[in-house]
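Asks: Below is one structure. I have some questions about it.
Please treat every number below as a calculation from the coordinates, not as lab data. What you see is a predicted model; the values in this text were computed from it and never measured. Cβ: placed from backbone, ideal geometry, glycine included. Neighbour counts: every protein chain shown.
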Amino acid sequence: MDPVLTYRGRSVTSDDVTFVGNLSATHPNVSRRALSKKLCEAWNWVQPNGRPRDMVCRGLMLALHRAGHIALPPVKRILPNPLIRRRRPAPVGVPDEPLCLPLGELGPLEIRQVRRTPAEALVRSLIEQHHYLGYVQPVGEQLKYLVLGRGRPLGCFCWSSAPLHLDPRDEYIGWSTAARRANLHLVAYQSRFLILPWVHVPHLASHLLGRMSRQLSADWQRVYAHPIHFVSTFVDPTRYRGTCYRAANWTYLGMTTGRGNNAPTRTPTRPRKQVFAYALVKDFRRRLCALD
């Protein structure tokens with residue numbers, strides 16, 4: 001049966017449309033949010049960690065509604081969009097005495113996962129104050145890390161769901177469109193990496209990248225109930241050379257197009273960036289290209 005609509009990798013048939021329409025007609029007084037939860041339950045449409053995909057489901061129902069396939073109940077109230085009206089992280093003071101010494105003399109380091117902990121606010125604040133891109137709230141799955149040494153913060157990492165399309169990455173992995181849609185959740189994107197500006201420890205950045213590569217997948221498994229097999233990041237060549245990534249055995253894959261996500265034209269609208277990637281498992285291509 002040919003799909004009526006394809007949304008976020010899910011094909012919706014005419015039978016599915018009939019089911020969604022009947023579900024909406026049967027519950028005319030519930031909100032669209034409640035209706036999406038009922039549909040997720042009926043379809044057993046869940047994330048790898050078992051939580052309903054209700055946000056994606058609401059988007060699918062809205063697409064069907066706008067295309068005239070179903071009639072959704074009227075919107076009961078419009079909530080403010082927290083991504084648009086989100087306040088910038090407030091400054092948080094940390095010790096900023098210069099730290100200049102060899103890596104071998106730094107002592108024990110801790111890379112602490114702080115997502116959904118009180119220390120997450122500190123990571124947001126440090127990124128906002130000291131990273132040249134500032135802090136932007138990630139979407140989708142995400143983890144944040146605080147690097148601690150000598151009893152003080154030294155740096156931060158932010159990781160999130162991978163971009164849907166990234167030509168250098170996709171060509172390097174060699175996966176099909178169907179495999180990418182099925183396995184993209186097994187790839188993570190490093191959106192921010194910060195060493196605080198008063199920390200001057202040679203080779204610290206590459207050392208932390210190596211430590212992070214051995215820790216990330218297990219942490220993701222605990223939080224989101226699935227591992228990570230491959231990671232990537234962007235480097236602005238007008239600012240950096242990617243030296244720490246090369247030193248940590250990351251692979252340079254090529255340049256971005258400079259068009260960003262969902263660009264309406266093929267004209268670059270932002271600086272082109274280098275794409276670096278690192279495989280967390282040896283057989284990453286087999287795992288990422290598989291279609292179960």
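Asks: Convert each backbone phi in the range 120-126 into a coupling constant with the Karplus relation 6.51 cos²θ - 1.76 cosθ + 1.60 (shift: θ = phi - 60°), then list the ³J(HN,Hα) values in order as whole Hz, x for Gly and Pro.
Replies: For the range 120-126, the Karplus curve yields 4, 4, 5, 4, 4, 5, 5 Hz.
Asks: Let me ask you something else. Give me the angle, in degrees from 0 to 90, between the Cα long axis of helix 32-43 and the longest principal axis of the Cα atoms of the chain, rounded to the nearest 10.
Replies: Roughly 90 degrees, rounded to the nearest 10.
Asks: Using Cα atoms only, what is the angle between the long axis of helix 204-224 and the major principal axis of the chain, expressed in degrees (0 to 90) to the nearest 10?
Replies: So the inclination is approximately 30 degrees.
Asks: Order these peptides, 104-116, 138-150, by their mean beta-carbon neighbour count within 10 angstrom, highest first.
Replies: Details: 104-116: 13.6, 138-150: 18.9.
Per-residue mean Cβ counts within 10 Å order the peptides as 138-150, 104-116.
Asks: Can you give the extra length, in nm with one decimal, that the chain gains between Leu106 and Arg150 once fully stretched, where that is 0.36 nm per residue apart less the Cα-Cα distance? Each step should come with its number before you reach the end.
Replies: Numbers: separation 44, 0.36 × 44 = 15.84 nm, distance 0.74 nm.
Stretched out fully, the Leu106 to Arg150 stretch lengthens by 15.1 nm.
Asks: Measure out, as a whole number of angstrom, how far apart the alpha-carbon centroids of the range 47-61 and the range 168-211 sit.
Replies: Result: 26 Å between the Cα centres.
Asks: Counting only other residues whose beta carbon sits under 15 Å from that of Ile173, what net charge do I get with K and R as +1, D and E as -1? Numbers along the way, then the final one.
Replies: On the way: positive: Arg169, Arg180, Arg181, Lys282, Arg285, Arg286, Arg287; negative: Asp167, Asp170, Glu171, Asp283.
Local net charge: +3.
Asks: Give, as a single signed number, the net charge of other residues whose beta carbon lies under 14 Å from the beta carbon of Ala247, with Lys and Arg counted +1 and Asp and Glu -1.
Replies: Summing Lys and Arg as +1 and Asp and Glu as -1 gives +3.
Asks: Something else about it: Can you list the aspartates and glutamates whose alpha carbon sits under 19 Å from that of Lys273, skipping same-chain ones fewer than 8 residues off?
Replies: Straight-line reach from Lys273, under 19 Å: Asp167, Asp170, Glu171, Asp236.
Asks: Could you state the angle between the C-alpha long axis of helix 14-26 and the longest principal axis of the C-alpha atoms of the chain, as a value from 0 to 90 degrees rounded to the nearest 10?
Replies: Once rounded, one gets 80 degrees.
Asks: Give me the net charge of Gly140's neighbourhood, meaning all other residues with Cβ under 13 Å from the Cβ of Gly140; Lys, Arg count +1, Asp, Glu -1. Could you put the intermediate results ahead of the total?
Replies: On the way: positive: Arg8, Arg51, Arg53, Arg115; negative: Glu141.
Every neighbour counted, the sum reads +3.
Asks: What spacing in nm lies between the two simple spin-label points modelled at Thr18 and Ala90, each 7 Å away from Cα in the Cβ direction?
Replies: About 5.7 nm, to one decimal.
Asks: So the label point goes 7 Å from the Cα of Leu164 along Cα→C-beta, right? Which residues of the range 125-152 then have their backbone N under 16 Å from it?
Replies: 139-141
Asks: Please report the equivalent ellipsoid semi-axes of the range 5-66, computed as sqrt(5 x eigenvalue) of the Cα gyration tensor, largest first, in whole Å. Intermediate values should be presented prior to the final figure.
Replies: Values: eigenvalues 56, 43, 21 Å².
For the range 5-66, the semi-axes come out at 17, 15, 10 Å.
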